[in-house]
Amino acid sequence: DLARPQAAKAYEGSQALSDDELAALLGVVKANADSGELVAKRDYALLLFFVLTGHRREEVLRLTWGNLKKNGVLTVRFLNKGGNYTSEEVNLFCWDALVDYLGAAGRLDGMTPDSPLWTAHDRSGISTGAALSSHSFAKNLKTYASAAGLDAIHVHQLRHTFARLVGEDEGDLTKVQHALGHKNLATTRVYLPKVTTKRDTFSAAIARRLNLNGEG
């Protein structure tokens, strides 16, 4: 009777955004960015990094210019939870949005390997040079969500949304596990309990091997 109650799992209440909700959120931020609002340009690039990579909040926010390599493709070196580094190809939409932000902020030509990608800005929009805090972006995200007609959301829901999208596209829970960088499949099931339909990635090759199409 005196035993301490079991602690709730981290992010137990997290829910992935639907496609419509995600589109509404991105639409609000992009519209502000396209209007020339500098902070929105930064936040739009940040949102794309979260949605298209599925990385955790601090793994994206701590990125520096030296973590990026652009040579036909964009390769990003992430410092992951647990202290290990991984190099990953990242969609060029992220690069385009990032360069748009850095150029508009007047920072692009002065970037050094140690320069943070995301910096705080004062009320006039000028970069303070200080790395953007997690709290500041989370606060902005809630404002964008409200403008998009969504309930208050938090940054970690973007990772859940990434998991949902990968699971629905691939139809394979182990691929979601790999995409999220989880060592244990049980952790992945917190984000995506099951994949409704397993994607068929084998039968076409088997059919060709058995010459079921009748060629030859």
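If you go through the range 189-211 and keep only what is among the hydroxyl-bearing types (Ser, Thr, Tyr) and either touching a helix residue (DSSP H, G or I) at 6+ places or on another chain (Cβ under 6 Å) or open to solvent by less than 50 Å² (accessible area, probe 1.4 Å) (or both), you end up with just 191. One residue stands out among those in the range 159-188 that are open to solvent by less than 50 Å² (accessible area, probe 1.4 Å) and of a type in the set (S, T, N, Q): the one that is nearest to the chain's Cα centre (by Cα), which is 161. For the range 14-30, the tally of residues that are within 15 Å of residue 164 (Cα to Cα) and either modelled with pLDDT under 50 or among the aliphatic types (A, V, I, L, M) (or both) stands at 4.
Name the single residue that is nearest to the chain's Cα centre (by Cα) among those in the range 127-137 being surrounded by 13 or more Cβ atoms within 10 Å (Cβ to Cβ) and without any contact (Cβ under 8 Å) to a residue 60 or more places away in the chain. That would be 136.
Just to verify a result, which residue in the range 101-115, among those that are open to solvent by less than 30 Å² (accessible area, probe 1.4 Å) and outside any loop (DSSP other than H, G, I, E, B), is nearest to residue 40 (Cα to Cα)? In this case the residue turns out to be 101. Inside the range 138-158, can you point out the residues that are in a loop (DSSP other than H, G, I, E, B), open to solvent by 30 Å² or more (accessible area, probe 1.4 Å) and among the β-branched types (Val, Ile, Thr)? Of everything in the range 138-158, nothing turns out to be in a loop (DSSP other than H, G, I, E, B), open to solvent by 30 Å² or more (accessible area, probe 1.4 Å) and among the β-branched types (Val, Ile, Thr). Taking the criterion of being charged (D, E, K, R) and more than 29 Å from the chain's Cα centre (by Cα), the residues of the range 189-216 that qualify are 208, 209, 215.
The values are calculated or read from the model by the stated rules, or taken from the named source; none is laboratory data. Just so it is clear, the structure is predicted and the values come from calculations on it, not from any experiment. All Cβ positions, even for glycine, are placed from backbone atoms using ideal geometry, and neighbour counts span all protein chains on display. To get the accessible areas, we keep the full protein, side chains included, count just its heavy atoms, and leave off ligands, DNA and RNA. Shrake-Rupley method; radii C 1.70, N 1.55, O 1.52, S 1.80 Å.
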